[in-house]
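No lab work stands behind these numbers, since they all come straight from the coordinates. Everything quoted here is computed from the prediction, not taken from an experiment. Because the Cβ atoms are built from the backbone with ideal geometry, glycine has one as well, and the counts that use them run over all protein chains shown.
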Amino acid sequence: MQTVKTLDMLRTALAHLRGAGGGDGARIALVPTMGALHEGHLTLVRRARAEADHVVASIFVNPKQFGANEDFGAYPRQLAEDAAMLESEGVALLWAPDAAAMYPSGFATNVSVAGVSEGLCGAARPGHFDGVATVVLKLFNQVSPDIAFFGEKDYQQLAVIRAMARDLDLTRPHPQAIIGVPTVREPDGLAMSSRNRYLSPGERAAAAALPRAMRQAVADMESGTEVAGTLAGLESELLAAGFSSIDYAVLADAASLEPLASLGKQPTRLLVAARIGGTRLIDNMAVVPR
């Protein structure tokens, strides 16, 4: 695996993969990450390897998607360890720019996706999804992948990226080539996340209440239980389990993320964000009417 940190090196390496290194028209998959890799990220890499000739992974802790009081400085950075994991999974190229390479002096462009970015985590983290959309569009332009993979655990992020690709008529990757991969979970059901390492042992044990309460809420709504009461019960269960607050617990249209008062025929998701100790956990699950 080759690791590159400048755009010139990236372009040279990509030309090699597409041409002399992989034959004309070699199919490139992109797996964007912020590092601190875990099994969820490696699952994305494995899917990418199954569907492309070469996998390019990126590691960049994006300052533009962190708010003033968020954990940008504390976010784990372990490039050597992450690179070894990616190499063991067969990644061909690691793009690991620093902030100066990604946002050079004079950088003045912001990508904003209205609507789908405005509720849920967008309401709690102003500007977050502008930062996500801006950096992902740059990664798409830099790598020009045929296909890109994102985890469904960050479901609103995936919806924002798909809307951006659709609205801007992207072709590399085409919107239909932006693939969401199901959430990878710990044995007790907690969604894998780099931020889980912030939890104390007691908080980690209590955090298992989140997927447990969500699974019960999904089952209740699918069997016809009224939505508002189900969501209120979910919130009460989380607070009783040790969560300090609930940012949101919403049933939403799976594409637009517009909140729903009842379960209809369209694809729907239950989305929850809750805080335990100093850590904010998010999760989502599909809800399918019977």
Label-to-label distance, nm, for residues given as ALA228 and ARG215 (7 Å Cα→Cβ offset): 3.0 nm
Length-normalised contact order of the chain in % [C-alpha pairs under 8 Å, at least 6 apart]: 16 percent
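Just to check, using Stokes-Einstein with a Kirkwood Rh over alpha carbon pairs, what's the diffusion coefficient of region 205-290 at 4 °C and 1.567 mPa s in µm²/s?
It comes out at roughly 101 µm²/s.
Can you check what the net charge comes to around PHE129, using other residues whose Cβ is under 12 Å from the Cβ of PHE129 (Lys, Arg +1; Asp, Glu -1)? List each step's numbers first, then the result.
Numbers: positive: LYS64, ARG125; negative: GLU118, ASP130, ASP154.
Summing Lys/Arg as +1 and Asp/Glu as -1 gives -1.
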23 Å Cα cut-off, lysine pairs counted over the chain (separation 8 or more, or different chains): 6
Once you place label points 7 Å from the Cα toward the Cβ at HIS16 and PHE72, how far apart are they in nm? 3.3 nm
Give me the distance between the Cα centres of region 1-56 and region 119-145, rounded to whole Å. 20 Å
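Please state, to two decimals, what the Cα-based radius of gyration of region 6-157 comes to when divided by 2.2 N^0.38 Å (N = residues).
Details: Rg = 15.7 Å, N = 152, 2.2 N^0.38 = 14.8 Å.
The reported ratio for this selection is 1.06.
Fewest first, what order do LEU231, LEU86, LEU168 take by the number of other Cβ atoms within 10 Å?
Details: LEU231 21, LEU86 25, LEU168 14.
Ranked by crowding around the Cβ, least crowded first: LEU168, LEU231, LEU86.
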Alpha carbon centre of region 61-95 versus region 181-235: separation in Å? 26 Å
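Please give the contour-minus-distance gain from ARG197 to ALA123: 0.36 nm per residue of separation, less the Cα-Cα distance, rounded to one decimal in nm.
Details: separation 74, 0.36 × 74 = 26.64 nm, distance 2.48 nm.
Stretched out fully, the ARG197 to ALA123 stretch lengthens by 24.2 nm.
Output the antiparallel fraction of DSSP beta bridges having both residues in the chain, as a percent to the nearest 5. Don't jump to the answer; show the numbers that get you there.
Details: 19 of 37 bridges.
Of those bridges, close to 50 percent are antiparallel.
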For semi-axes √(5λ) of the Cα gyration tensor in Å, the choices are [x] 34, 20, 18; [y] 26, 23, 17; [z] 35, 25, 16; which was calculated from the structure? [x]
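So what is the relative contact order for region 119-242, in percent, with contacts set as C-alpha pairs under 8 Å and at least six apart?
Working: 97 pairs, mean separation 22.7, N = 124.
Over region 119-242, the number comes to 18 percent.
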